[in-house]
Each structure stands twice: as C-alpha cells, then as structure tokens.
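Asker: Attaching a single structure in structure tokens format; questions to follow.
FYI, it's all coordinate maths here, none of it is from the lab. Because the structure is a prediction, the values reported are computed rather than measured. Cβ placement follows ideal geometry from the backbone for every residue including glycine, while neighbour counts extend to all protein chains displayed.
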Amino acid sequence: MKEDLNFHGNELIQLQTFYTVGAVVGQIPFMFLFTYLPMHWVIPGLDIAWGIFTLLQYRTTSFAELAAYRFLVGWFEAAYFPGMHYIFGAWYRGDEIGRRGGVFYVGLSLGTLTAGLITAGASNNLEGVAGLAGWRWMYIICALITIPVGVLGYFVLPGTPDKPNKWFLNDEDIAVAQARLKDDGHHVGNENVTWQTLKKVAMGWHFWVLIAFDFFFWNSGTQSVGGFLLWLKSLNRFSKGRTNELGAIAPVLGIFYTLLTCFASDLILGPAWAITAIHVVHMLGNTILTVWDVPEVAKWFAFMLSYASVAMSSVLYGWVNTQLRGSPAQRAFILVLINTTSQASTAWTHLLVFPTLDAPRFQKGYPYAIANSALLILTAHGLRIWLKKREWVSLFFLPLSEWWLGARAPEVNKALGPGCELRTTLR
C-alpha cells in the first residue's frame with residue numbers, strides 16, 4: 001500500500017487518526033440510542049455498514065480517498081465495542097462477566113490474527129490477480145467475511161432483558177435471567193437515557209473516576225501503532241507475506257493473555273489485582289523497548305508482550321458494568337462516554353508520541369505507555385480500596401445506625417413534631 005499510494009511520511013499514522021476520529025464521533029449518538037433501540041438490530045446493522053466501507057477501500061487511488069473510507073469504517077465500527085459490553089452487563093453478574101467478556105475479546109484477537117494471515121495470503125498468492133495488488137484483495141476478502149456475519153447477528157444476538165431477541169430467547173429464558181439479575185441488584189426494566197441521566201452522571205463519582213481509569217487503559221497500549229511490523233520490515237530480512245505471518249504471533253499470544261487475565265479476575269484475583277498482574281508484564285516489555293539497545297531476542301520477547309495491555313479490557317468494562325448495574329441508562333451513557341473520551345485522546349497522543357517517522361523505536365511512545373500502565377494500576381487499587389470501604393460501611397455502620405434510629409424514633413419524632421417524622425431506614 002505504501003508504495004502503491006506513494007506514501008512517504010506520516011501517512012500511516014494519519015490514516016489511523018482519521019479512523020480514530022470516525023470511531024470517536026460515531027459513538028456519540030449511541031450514548032442515547034442504546035436504551036431506545038433493540039441491540040440485536042443496532043450491532044448487526046453497524047457491522048454490515050462497516051463491511052461495505054471495508055470493501056470500498058479496495059478501489060482507493062489516493063491518500064484522501066482512503067482517509068475518507070477509514071473515517072467511515074471507524075464511524076460504523078464505533079459503537080460495536082461498548083455496545084457488546086452493554087449487552088454483557090445486561091445479562092451477567094459481576095462474578096461472571098469478566099470471563100464472558102474475555103471469550104468475546106478472544107474473537108477480536110482472532111480477527112486481528114486472521115487479518116494478518118489474510119494479508120499475508122493475499123500478498124503471497126493474489127498479487128496481480130485481476131490486476132489488483134494483494135493489499136486490495138485483503139479488503140475484498142475481509143468484507144466478504146464481515147457482511148454475512150452481520151446478517152447472522154440479527155438472529156443470534158440476545159438483545160437485552162427489556163428488549164430481547166425473540167428469535168433467540170423464549171419467555172422462560174428471559175424470566176430466569178431477570179430473576180437472577182434482580183437477586184444481584186440489577187435493574188432489569190426499561191430505563192431510557194434522558195437529560196436527568198446526564199445530571200446524575202455529572203453529579204456522581206462514577207464518570208470522573210472511570211474516565212481516568214479508561215484513559216490510562218487506552219493510552220497504555222502499543223499494539224495498534226504497528227511497531228512490531230515496522231521493526232520486522234526494518235530488518236530487511238523477510239518478504240511482505242512472511243512479515244505479515246510473523247506479525248500474527250503477538251495476537252495469538254494475546255488470546256492466552258486475555259483468557260488468563262479474565263478467568264483469574266473472576267475466579268481468583270478480582271479486577272484490581274488481575275489488572276496489576278498483566279500490566280506489570282506489559283511494563284516489562286515496554287521497558288525493554290525503551291532501552292532498545294538490547295539483543296535481538298530481547299526485542300522479540302518484548303514485542304510478544306505487546307498484547308498484554310489489552311488483555312484486561314473485559315475486566316475493566318466488566319467492572320464498570322457491575323458498578324452501574326442499578327441503572328441501565330447510566331450504564332449505557334457512561335460506557336459509551338468513557339470509551340469515546342479515552343479513544344479520542346489517542347487521536348492526538350499517538351500523533352505526539354508514536355509518529356511513523358520515529359518507528360520502530362518510538363523513543364517517546366514506549367515510556368509514555370509505561371507511565372499510563374503505572375497510573376492504571378494505581379487507579380485500580382484506589383477504586384478497589386474505596387469500594388471495599390463503602391461495602392464495609394454498608395455492612396456494619398448502616399445496620400447499626402438503622403437500629404439506633406429505630407429504637408429512638410418515637411422520642412425523636414415527638415421532638416420534631418407532626419409532618420417531620422424521622423425515617424427509620426437510611427437505604
């Protein structure tokens with residue numbers, strides 16, 4: 001692509017920025033729409049549109065045209081990730097959502113993996129077929145896979161308990177799901193996002209803490225900047241096809257990291273310690289890349305750890321879902337808002353710290369990622385400690401206060417007078 005379209009500067013990172021801007025802007029309407037529209041219609045519709053604009057990229061002849069397509073691909077992909085996590089939060093309890101999200105994220109890693117293998121296969125076997133370059137065939141093949149999967153989504157996505165997909169679930173399934181969610185403190189009825197929701201979000205702690213949490217997560221990642229592939233290319237040792245095949249190794253390892261982190265979070269460690277463990281591993285890899293002047297085998301090892309940063313994605317968003325389980329409207333709004341704001345930050349931070357001309361060393365980028373991983377760990381434990389204290393207060397102090405108020409209510413109410421009676425519950 002670089003040679004065919006005559007790229008000679010920062011065009012690759014600029015294309016990534018166009019995609020990111022589309023992905024950010026495209027999420028904004030869905031802060032409101034998730035609670036109004038059936039999710040088993042929203043996600044497949046976006047997926048099909050994404051496939052169409054992926055297909056159109058095969059015909060591009062200039063940077064400007066490709067930039068427009070990348071923006072639209074980002075636009076239609078925008079709501080997919082927060083939308084899927086909104087669906088998970090609608091059906092799963094806090095002690096099981098991480099694993100389910102982890103299995104979902106494996107699919108994303110497999111998509112990255114197969115995209116690399118498709119690119120390699122297209123470069124090796126389809127170069128010049130029908131007069132098209134191999135990279136153009138890659139977009140055609142990806143679209144032919146994507147569009148039928150989008151159609152399938154209309155039949156297999158469950159929707160949400162208040163707007164379920166009756167093609168996939170019967171009334172008994174829905175009733176059982178609603179009962180188990182109510183036992184865990186979920187609000188399972190319909191609750192739409194309104195202007196009152198925005199006021200509650202602004203006045204509550206959730207957004208202000210979770211936006212920082214998500215910002216550090218998005219800015220700790222290095223896998224999306226293409227450092228590994230650019231380093232392989234700089235070795236002048238491998239063909240285009242072989243480079244893309246080797247580039248698939250990191251996503252394969254990412255599947256292992258994801259499953260290990262998400263299952264450990266649900267079953268053993270809890271969210272904060274699972275995030276800590278995997279980001280310590282990620283910081284190790286970025287420390288090696290920051291030093292850079294190390295044996296080649298050390299660089300291979302470091303790049304193989306690049307997908308460790310995203311392994312805890314489903315842990316983080318599962319934790320967000322759990323904290324907001326009492327309000328579908330706030331959950332929908334905050335999930336999209338923190339994802340939008342954090343992803344938007346990478347549109348300019350990556351231009352500053354990961355410019356293509358600095359590749360593959362990225363002297364500013366890898367230290368920046370380390371700093372964000374460290375802040376992510378600190379935020380996770382700050383939230384863990386605060387939630388633990390709040391839980392302790394609710395378990396011990398509130399019942400004690402209610403007992404005391406209940407015992408003394410008659411004399412207090414007598415002193416207050418008619419119409420000012422004391423409530424004997426604080427919940």
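Asker: With contacts defined as alpha carbon pairs under 8 Å and 6 or more residues apart, what's the relative contact order of the chain in percent? Before the final figure, lay out each step's value.
Answerer: Values: 618 pairs, mean separation 104.1, N = 427.
Worked out over the chain, it gives 24 percent.
Asker: Could you pull out the pairs from Lys166/Lys389; Lys182/Lys388; Lys299/Lys389 whose alpha carbons sit more than 32 Å apart here?
Answerer: Working: Lys166/Lys389 42 Å; Lys182/Lys388 22 Å; Lys299/Lys389 43 Å.
Table pairs above 32 Å Cα-Cα are Lys166/Lys389; Lys299/Lys389.
Asker: In debye, nearest 20: dipole of the chain around its Cα centre with unit charges on the Cβ of K, R (+) and D, E (-)? List each step's numbers first, then the result.
Answerer: Details: 30 positive and 26 negative charges, 120 e Å.
The calculation lands at about 580 debye.
Asker: Now for a different question. Can you sort Val42, Val310 by how many other beta carbons sit within 10 Å, fewest first? Can you show the working numbers first?
Answerer: Details: Val42 22, Val310 27.
By the 10 Å Cβ count, ascending: Val42, Val310.
Asker: Next up: Give me the net charge for the shell around Glu96: Cβ to Cβ below 11 angstrom, other residues only, Lys and Arg +1, Asp and Glu -1. Show your work: numbers first, answer last.
Answerer: Numbers: positive: Arg93, Arg99, Arg100, Arg180; negative: Asp95, Asp184, Asp266.
Its environment carries a net charge of +1.
Asker: Taking 0.36 nm per residue of separation and subtracting the Cα-Cα distance, what length does fully extending Asp173 through Ala298 add?
Answerer: Numbers: separation 125, 0.36 × 125 = 45.00 nm, distance 5.13 nm.
Gain in length upon complete extension: 39.9 nm.
Asker: If I take R0 = 22 Å and measure r between the Cβ atoms of Ile385 and Val281 in this structure, what FRET efficiency does the formula 1/(1 + (r/R0)^6) give, to the nearest 0.05?
Answerer: Details: r = 23 Å, r/R0 = 1.04.
Step by step, r from the Cβ atoms, then E = 0.45.
Asker: What nm value, rounded to one decimal, do you get for the distance between Leu235 and Lys200 when each label is placed 7 Å out toward the C-beta?
Answerer: 5.4
Asker: For volume of the Cα convex hull per residue in Å³, one of (i) 233; (ii) 264; (iii) 154 was computed from the structure I shared and the rest are decoys. Which label?
Answerer: (iii)
Asker: Can you compute the FRET efficiency between Ala130 and Tyr36 using 1/(1 + (r/R0)^6), with r the Cβ-Cβ distance and R0 = 51 Å? Round to the nearest 0.05.
Answerer: 0.70
Asker: So how do Ser239, Ser313, Ser224, Ser373 line up by other beta-carbon neighbours within 10 Å, fewest first?
Answerer: Values: Ser239 11, Ser313 23, Ser224 17, Ser373 26.
In increasing order of surrounding Cβ atoms, one gets Ser239, Ser224, Ser313, Ser373.
Asker: Of the chain, which part is the longest with no GluC sites (Glu not before Pro) in a loop (DSSP not H, G, I, E, B) and with at most 16 other C-beta atoms within 10 angstrom?
Answerer: Values: sites that count: Glu3, Glu96, Glu127, Glu421.
After excluding every exposed loop site, the longest remaining stretch is 128-420.
Asker: Something else now. For n ≥ 4 DSSP H runs only, could you compute -39500 (n - 2.57) per run for the chain, divide by its residues and tell me the 222 nm figure to the nearest 500? Please list the in-between numbers first.
Answerer: On the way: 19 runs with 299 residues, N = 427.
For the chain, the value works out to -23000 deg cm²/dmol.
Asker: Long-range amide H contacts for Gly159: which residues qualify at under 5 Å (H placed 1.01 Å from N, peptide plane, sequence gap of 5 or more or a different chain)?
Answerer: Here the answer is His40, Asn165, since their amide H atoms fall under 5 Å of that of Gly159.
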